[in-house]
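The structure under discussion appears below in the form of structure tokens.
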Amino acid sequence: MSGEWLLNCNGDREVIMNRNVYIETYGCQMNVADSEVVASILTGAGFRPVDNINNAGLILINTCSIRENAEQRIWRRLKAISHLKKKNSGIVIGLIGCMAERLKEKVLEEDHFVDIVAGPDSYRELPLLVAGAESGHKAVNVLLSREETYADISPIRLDKNGVTSFVSIMRGCNNMCAYCVVPYVRGRERSRDPVTILKEVEELFNSGYREVTLLGQNVDSYRWNKNGYGITFAGLLEKVAGINPQLRVRFSTSHPKDISDDLLKTIAVHENICKHIHLPAQSGSNRILTLMNREYTRECYMDRITAIRKIIPECSVSTDMIAGFCTETEEDHKSSLELMEWAGFDFAYMFKYSERPGTRAARKNSDDVPEEIKTKRLNEIIALQNKLSAVSKKNDLGKVFKVLIEGYSKRSMEYLSGRNSQNKVVIFPAESYKKGEYVSVYAERCTSATLFGKIIKQ
Ligand code: 5AD
Ligand code: SF4
């Protein structure tokens, strides 16, 4: 590893290792949480997380495989940082996370100056892998585990906003959505010990955090059952919300086939459980939903939205949509648009289908929707969602929202930015308020993405 040298007590030159680690994170919130676990493991082994890549002796890229363009972006980034290695061959570069798991040893063959490859379940091994790389051995560990949840590790917060944080409550996924690489790169679903989750959240609250997002690929199937103690996701959510009324609780992601009325009722009765549900629909066509192996129909999805509206009337709902899945016809696509319009989503993440090697769809179906049709359909989905997002914000005008301040607005230090319970960004004049405080904001105007308002003193 790179470093300076000094004379030791025998008068020999000894290299002082550069123990600074720089971690760059791509992909979902789960990866953000994982990078914090990695930072904690490496800190325990004598490393120090740094913000500047140029000061690092160890560079880790935490990667995503969900779509081909996510991987291409990471290859480009690796190419861009290879000059650091050319300048200083002692630097160790590691590729970790989902792409490491998917490509395994192949990453090393690509000659991108990578020394370490570590999958999502092998982070405890990182200090050993780094030691191997230091002595000139490229190192790979991509073993998936049925038990690993990093339950005992206190993540080191890298974002430094000090107000909002992610807490991973489970790992892996047992659903086999035909398009999705996640079960292959993150392994089987396992829930984390609730005692360690509650401890982590309490520590966050005590150090000033005011919002946690509980993370899992499918939080509704969180289940802990050991030594006579059992708890479901609704029970866990209730316990986390009970830590302190000043702590907001969010969660992601819910699955339409698993989200129960019980959970909705829990959300409804606790003021500090945020009134926002991310419920990916993916498609509005029953034929496509079957091909995707989503295990619900359009009617079941609509039933869940109806239940949300009934049990939690003020709840916002966001979704994920995929355009151009295998065999998708214009009629299927219209069904997706109709479902979006009917649901009136407040927000959506929208994607073109990207075939991932090894998935069920890649094995069984042909990626037969031409690229230009995928683009056209995605654009229609985005245009519709822009309209729906604008309607959603317009409906909020004239209302007062409790907003948790997260920091200054991106454009000006004279304005603060935060989110309301429904997860909508709200901007307002700063006055003398600070991040971490709750304020009541009267919504005066909006764009399709943001609410603008003024603080109401109560
Ligand atoms: N192609 C396009 N989008 C995908 N997603 C997952 N896999 C793919 C894929 N192969 C989307 C889904 C999922 C979100 C996280 O990413 O909409 O909900
Ligand atoms: Fe997250 Fe899935 Fe991307 Fe992995 S592949 S980083 S689980 S979105």
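The values are calculated or read from the model by the stated rules, or taken from the named source; none is laboratory data. Remember, predicted model here, so these are calculated numbers, not experimental data. Because the Cβ atoms are built from the backbone with ideal geometry, glycine has one as well, and the counts that use them run over all protein chains shown. Calculation scope for accessible area: heavy atoms of the full protein, side chains included, ligands and nucleic acids excluded. Shrake-Rupley method; radii C 1.70, N 1.55, O 1.52, S 1.80 Å.
When all protein chains stay in place and ligands, DNA and RNA are ignored, the 1.4 Å accessible-area order of 19, 356, largest first, is 19, 356.
Taken about its Cα centre, the stretch 134-255 carries a charge dipole of about 180 debye when Lys and Arg each add +1 at the Cβ and Asp and Glu each add -1 at the Cβ.
Remark: accessible surface ordering of 351, 325 (largest first) is 351, 325, probe radius 1.4 Å. Summing +1 for each Lys or Arg and -1 for each Asp or Glu among the other residues whose beta-carbon sits under 13 angstrom from that of residue 257 gives -2. With N counted as the residues of the stretch 333-458, its alpha-carbon radius of gyration over 2.2 N^0.38 Å works out to 1.40. Exposure check, 1.4 Å probe, all protein chains in place: residue 211 carries approximately 0 Å² of accessible surface. Sequence neighbours fewer than 8 away in the same chain don't count; with that in mind, list the aspartates and glutamates whose C-alpha is under 20 Å from residue 334. Counting by Cα, and skipping residues close in sequence, residue 334 has these aspartates and glutamates nearby: 299, 303, 320, 346, 367, 368, 371, 372, 380.
Think of a 1.4 Å ball rolled over the protein heavy atoms: the chain then has 45 Å² of accessible area per residue. As a fraction of the 1.4 Å probe accessible area of the stretch 314-356, surface on carbon and sulfur atoms comes out at 53 percent. Note on the stretch 185-270: with neighbouring protein chains present and a 1.4 Å probe, carbon and sulfur make up 45 percent of its accessible heavy-atom surface. First check a/c for the stretch 108-227, with a ≥ b ≥ c the square roots of the eigenvalues of its C-alpha gyration tensor; if it is under 1.5, answer rounded, and if not, answer prolate when a/b is larger than b/c or oblate otherwise. Oblate. Quick one: which of 265/454; 352/394; 402/454; 106/352; 435/457 span more than 20 angstrom between C-alpha atoms? Those over the limit are 265/454; 352/394; 106/352. Our coupling estimate for the stretch 315-327, obtained by passing each phi through the Karplus curve with A = 6.51, B = -1.76, C = 1.60 and θ = phi - 60°, is 6, 9, 10, 10, 8, 10, 10, 10, 9, x, 5, 2, 6 Hz, Gly and Pro reported as x. Sorted largest first by accessible area at a 1.4 angstrom probe radius, with every protein chain in place, the residues 302, 340 fall in the order 302, 340.
Of the accessible area of the stretch 383-424, computed with a 1.4 Å probe over protein heavy atoms only, carbon and sulfur atoms account for 51 percent. In the calculated pair-distance distribution of the chain, the portion above 32 angstrom amounts to 45 percent of the Cα-Cα pairs. The stretch 205-262 and the stretch 355-427 have Cα centres lying 24 Å from one another.
Maximal additional length on extending the residue 88-residue 270 stretch stands at 60.1 nm, based on 0.36 nm per residue less the C-alpha distance. When each full DSSP H helix of the chain is screened for a Cα extent of at least 15 Å along its own axis and an average Kyte-Doolittle hydropathy of at least -0.5, the helices passing are 29-44, 194-206, 298-311.
Placing +1 on the Cβ of every Lys and Arg and -1 on the Cβ of every Asp and Glu, with nothing else charged, gives the chain a dipole about its Cα centre of roughly 740 debye.
Extension gain, residue 415 to residue 193, is 75.9 nm, computed as 0.36 nm per intervening residue step minus the present C-alpha separation.
Accessible area per residue was computed with a 1.4 Å probe on protein heavy atoms; residue 209 scores about 20 Å².
Near residue 289, once Lys and Arg are set to +1 and Asp and Glu to -1 for all other residues with Cβ below 12 Å from its Cβ, the sum equals 0.
Rounded to the nearest 20, the size of the Cβ-charge dipole of the stretch 366-415 about its Cα centre is 440 debye, with Lys and Arg at +1 and Asp and Glu at -1. Volume per residue for the stretch 214-294 equals 106 cubic angstrom (convex hull of Cα atoms).
Residue 68 exposes around 90 Å² of accessible area when a 1.4 Å probe is run over every protein chain in place.
Select from 216, 179, 205 the residue farthest towards the positive end of the dipole of the stretch 175-225; place +1 on Cβ of Lys and Arg, -1 on Cβ of Asp and Glu, and compute about the Cα centre. It is 179. Ordering 119, 50, 92 by the projection of their Cα atoms onto the charge dipole of the chain, which places +1 on the Cβ of Lys and Arg and -1 on the Cβ of Asp and Glu, puts 50 at the extreme positive end.
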